[in-house]
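In what follows, a single structure is set out as structure tokens and then discussed.
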Amino acid sequence: MDKLIRWILIVLASIFYHPLMLLFLLTLMIAPFQLLEEIIDVIKYEIPISGTSTFSVLAVSCIFILIAMSNRVLGLIYRKITMLLPLLQMCVYLTIALQIALLILNRWAETGAYSKGTAIMLAILSIVGIRLLVSFLYWKYPIAVPGAKARDTAQHTSKNYVERWF
């Protein structure tokens, strides 16, 4: 009886979880393009743009991804579509890098503490720095295990992902 109640709760949670997660997936995939457009606008018009809501959406999206990865039923989509998790990771990292670049450019446009060229260079350096950290992360914890079959790689990526980090 206890298992039945548990499964009913999981099914109800997944009914509410998956449509909400689909919204967050689309938001995560669109966010880098929106931030890039905002960065271009800040450089072009030299007026700060408030793009701080991206951090909160990003944080909530990451929490939902963590919930999916730690639960066998909710994370089923990541085990079936094995490319989805690395895609989401890259979208998250790129969104963080572009958000940091936007913060640097907003600080320049708001206070004028440093020149436009310096602000653009710092923004580019922040994006390159995040990309180097991502490269180090994937070098240390590769997505695919060399010599493994596709099925084993998918299980390795989705099953042990939470245990490796937390």
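Laboratory data are not the source of any read-out in this text; all were calculated from the coordinates shown. Keep in mind the model is a prediction, meaning the values are calculated, not measured. Quick reminder, even Gly has a Cβ in these numbers, built from the backbone with ideal geometry, and neighbours come from all protein chains shown.
Numbers for the structure displayed
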{"item": "Ordering of 130-141, 114-125 by packing [mean C-beta count within 10 Å, highest first]", "result": "114-125, 130-141"}
{"item": "Cleavage-rule hits, trypsin sites (Lys or Arg not before Pro), segment 29-90, DSSP coil, Cβ neighbours within 10 Å at most 13", "result": "ARG72"}
{"item": "Low-density loop positions, GluC sites (Glu not before Pro), segment 1-78 - DSSP coil, at most 14 other Cβ in 10 Å", "result": "GLU46"}
{"item": "Virtual paramagnetic centre 7 Å along Cα→Cβ of LYS116, amide N under 14 Å, in segment 37-61", "result": "40-48"}
{"item": "Pair LYS44, LEU132: separation of 7 Å Cα→Cβ label points (nm)", "result": "3.1"}
